[in-house]
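The values are calculated or read from the model by the stated rules, or taken from the named source; none is laboratory data. Not measured: the values here are computed from a predicted model. Neighbour counts run over all protein chains shown; Cβ positions are idealised from the backbone, glycine included.
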Amino acid sequence: SSFIEPQRNIIVLSHNVSQDVADGLFDVNSLLTGRVDVLTRCINSALWVSHGIRKDTSVFVMLFPHNITIEVRGSEVQNL
C-alpha cells in the first residue's frame, strides 16, 4: 500500500480590506499600503519549507467585506 500525504488547507481571513487591494490595484514596491505585506507573508509562511514548497498545501486568502477568496496552490507555485 502506498502512503498518501494529507492535503493541508490554510485559511487567512483579512478584514477591512480596501477596494483598491480587492481590485488588485496596489504597488508591489509599497506593499505596506493596504497591508498587502501581511497577506504575502502569510502565503509565504504557509507554503515555504527549508527544502522547497509544500506541494500538499493550499492557502485561501479571504478578503472581507468584499467576499473575495484567492486560492494559492502549493502544487502550482513556482519561483517563490
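Quick look at the numbers
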quantity: Subset of the stretch 71-80 [at pLDDT 95 or above and among the hydrophobic types (A, V, I, L, M, F, W, C)]; calculated: V72
quantity: Failed condition for L31, given (1) of a type in the set (A, V, I, L, M); (2) surrounded by 15 or more Cβ atoms within 10 Å (Cβ to Cβ); (3) under 13 Å from the mean Cα position of the chain (by Cα); calculated: (3)
quantity: Lone qualifier among V21, V36, V72 - being outside any helix (DSSP H, G or I) and either of a type outside the set (F, W, Y) or touching a Ser or Thr at 6+ places or on another chain (Cβ under 7 Å) (or both); calculated: V72
